[in-house]
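Comments concern the structure below.
The values are calculated or read from the model by the stated rules, or taken from the named source; none is laboratory data. Please read these numbers as outputs of a predicted model, since none were measured by experiment. Please note: Cβ atoms are built from the backbone with ideal geometry, for glycine as well, and neighbour counts cover all protein chains shown.
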Amino acid sequence: MRKISANYVLPCSFRPVKNGIVVLNNNGVITQLIDQGDEYHEIAHVEFYNGIITPAFILTKEHIMATQEIQPIPADRNKNKDRYLYEQGIIYSEMANHELPHFDIIALINQRIDHETRSFNDVLLSLTLHSAQQLGKDDIYGSLSQHKSPGINLISPFDFDNFRPCYTSKLKRLL
């Protein structure tokens, strides 16, 4: 069993959970999402991270085409696409059988917020739940809900005042 927490957990299936805890079984399947409200209470064996926790991202052709800074993926990474996707915080991709570009997913998120006047929550939904629904994979991926194994990303640092990633934010794959 693993318990992962952050300043906010963004399940994508409902509102953000401040100081939320995602409880997973040994197979990485979510068994519970604990809402602690505004006050964080110490719970044994909880991994706490500064930042936000989201479901792993789902890369679609739409996301590839939306970025303006696409560069060819380095040849050594192209040989092991699954590992590359994992390192980028991407759990599933309809692009897995194609040449994959190398781009910064945080830069893509900030680009969509800045240039398309979209909220972070809207962009996050397009990278997670909506993409999973579009691909017919929302029974497994796309949200931090019970009985799913969507993979888990951490975005840190995070601009909580404007509720968006900082331009210096990094994405880390936790599960």
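Would you say Tyr49 is surrounded by 12 or more Cβ atoms within 10 Å (Cβ to Cβ), among the aromatic types (Phe, Trp, Tyr) and modelled with pLDDT under 75? So Tyr49 fails the test.
Assess whether Phe14 counts as being part of a loop (DSSP other than H, G, I, E, B), closer than 19 Å to Asn153 by Cβ and either modelled with pLDDT of 75 or more or among the polar types (S, T, N, Q) (or both).
Values: part of a loop (DSSP other than H, G, I, E, B): yes; closer than 19 Å to Asn153 by Cβ: yes; either modelled with pLDDT of 75 or more or among the polar types (S, T, N, Q) (or both): yes.
So Phe14 fits the description; yes.
Return yes when Val17 is touching an Asp or Glu at 6+ places or on another chain (Cβ under 7 Å), surrounded by 15 or more Cβ atoms within 10 Å (Cβ to Cβ) and within 15 Å of Phe163 (Cβ to Cβ) and no when it is not. Against the criterion (touching an Asp or Glu at 6+ places or on another chain (Cβ under 7 Å), surrounded by 15 or more Cβ atoms within 10 Å (Cβ to Cβ) and within 15 Å of Phe163 (Cβ to Cβ)), Val17 qualifies. Across the range 123-150, the qualifying residues are those that are in a helix (DSSP H, G or I), at pLDDT 90 or above and in contact with a strand residue (DSSP E or B) (Cβ under 8 Å, 6 or more places away or on another chain), and the one among them that is nearest to Met1 (Cα to Cα) is Leu129. One residue stands out among those in the range 104-146 that are charged (D, E, K, R) and surrounded by fewer than 17 Cβ atoms within 10 Å (Cβ to Cβ): the one that is nearest to Lys172 (Cα to Cα), which is Asp104.
Within the range 147-167, residues that are crowded, with 16+ Cβ neighbours inside 10 Å reach partners that are assigned to a loop (DSSP other than H, G, I, E, B) and aromatic (Phe, Trp, Tyr) with beta carbons closer than 9 Å, at six or more positions or on different chains, in the pairs Lys148/Tyr141; Ser149/Tyr141; Pro150/Tyr141; Gly151/Tyr141. Listed by first and then second residue, the pairs with beta-carbon distance under 7 Å, at least 6 apart or on different chains, first residue in the range 120-145 and over 21 Å from Ile34 (Cα atoms), second among the small types (Gly, Ala, Ser) and part of a loop (DSSP other than H, G, I, E, B), are Ser131/Gly142; Ala132/Gly142; Gln133/Gly142. If you check Leu108 against the conditions, is it under 14 Å from the mean Cα position of the chain (by Cα) and at pLDDT below 90? Yes, satisfied. The residue pairs whose first member lies in the range 19-36 and is within 13 Å of Ile152 (Cα to Cα), whose second member is charged (D, E, K, R) and part of a strand (DSSP E or B), and whose beta carbons are closer than 9 Å, counting only pairs six or more residues apart or on different chains, are Ile21/Lys3; Val22/Arg2; Val22/Lys3; Val23/Arg2; Val23/Lys3; Leu24/Arg2; Leu24/Lys3; Gly28/Arg2. Pairing residues of the range 39-57 that are charged (D, E, K, R) with residues that are in a loop (DSSP other than H, G, I, E, B), at Cβ distances under 9 Å and at least 6 apart in sequence or on separate chains, gives Glu39/Asn19; Glu47/Leu174.
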